[in-house]
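Have a look at the structure below before the remarks.
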Amino acid sequence: MNCQVCGNQSGKYPLCKACNDKKNQGIVIKCYKCGNWHYKYSECPQPINTNDQLFIYEVKNSLITPTEQSFFVALKEIVPQGYMVFPQINLAAFIDRTDNVSFHNELFRNVDFLITDETYKPKIAVEINDLSHLDKERKERDEKVSNILEEAGIPLLKLWTSYGVNRDYIKKKIEELLVNAVVRKKHSMPKLVSNEVSSNNQPPIINNQSQSQPQQKKKKGCYIATCVYGSYDCPNVWTLRRFRDEYLDKSIFGRLFIKCYYATSPSLVKTFGKTKLFHRFWKKSLDKLVKRLNEKGFDNTKYEDKY
């Protein structure tokens, strides 16, 4: 959902965090005249004349939100010469299915930006994530998009709004993704090669490739840290994950702490994760812990979970 005042993403709420703060200050109100949220001294939207023709389709104010616009400006300036950036690109515009099925519903999703070379060949997909991407339904959507891109061989760059437009970081990641070899990974379900019995009365051949491959172990999520820092993959969370695997997991009491943490933290994040007090309290505590861990030798470089 988009904020009814500024148009930024607001999750399940009619106002984004910034406009909600303005509401508490009395700057933004829910007008008793028109019933809409707008600035206190702004004019109400013109009422619809019921005698006029009613239209069910209206043009949006902008293709992308103000937050996405700031990232768009930075991306266009950062990409190397000969590369281009396009906003709000549907997956079906640059990804094909190879099994000739009639419906491609899973491709009717957009990525925020697509970087191509000068021949318009897709190179990097970019997603701009805010806290609404921590919701269960949004996570499931993001995972589907990520799996489709990974199987197609398109690298995905996730940028979190909580870090702002960090041009040095964005430039570094884009340069790495353009240079590194693309590793494709199969996520789609196996399909029947034939639905009919063959001429020699043998049963249909089934592709069991995915059954022969070992299942990937599910990563343990750092729920509170991910909520506070806005990403599972960032320097502070990498430090905490190293501490978990290389220190806490080595002792009985450490493993007990880990077990209790994973039993309680999902509920805490779900209940309080969007509140300002929750973020302020935990960020202050985690920042101190991360600083001490870095001083003790726990690195903050990219880390892959051991378990």
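The values are calculated or read from the model by the stated rules, or taken from the named source; none is laboratory data. Just so it is clear, the model here is predicted, and its values are computed rather than measured. We place every Cβ from the backbone using ideal geometry, glycine too, and count neighbours over all the protein chains shown.
Worth a mention:
- Count of the range 250-295 residues which are surrounded by 10 or more Cβ atoms within 10 Å (Cβ to Cβ), out of contact with any Cys (no Cβ under 7 Å at 6 or more places or on another chain) and either outside any helix (DSSP H, G or I) or hydrophobic (A, V, I, L, M, F, W, C) (or both): 16
- Residue-level check: of (1) more than 17 Å from the chain's Cα centre (by Cα); (2) at pLDDT 90 or above; (3) surrounded by 14 or more Cβ atoms within 10 Å (Cβ to Cβ), Arg97 misses just (2).
- Here Glu151 qualifies as more than 23 Å from Gly230 (Cα to Cα) and acidic (Asp, Glu).
- Being among the charged types (D, E, K, R) and modelled with pLDDT of 85 or more is true of Glu68.
- For first residues located in the range 29-53 and modelled with pLDDT of 75 or more and assigned to a loop (DSSP other than H, G, I, E, B), partners that are surrounded by 10 or more Cβ atoms within 10 Å (Cβ to Cβ) and of a type in the set (Phe, Trp, Tyr) and lie 6+ apart or on another chain with Cβ distances below 8 Å form the pairs Cys31/Trp37.
- Unmet requirement for Lys270, which otherwise passes all of (1) within 23 Å of Asp135 (Cα to Cα); (2) at pLDDT 90 or above: (2)
- From the list Glu106, Glu150, Glu175, the lone residue that is in a helix (DSSP H, G or I), of a type in the set (D, E, K, R), surrounded by 13 or more Cβ atoms within 10 Å (Cβ to Cβ) and modelled with pLDDT under 90 is Glu106.
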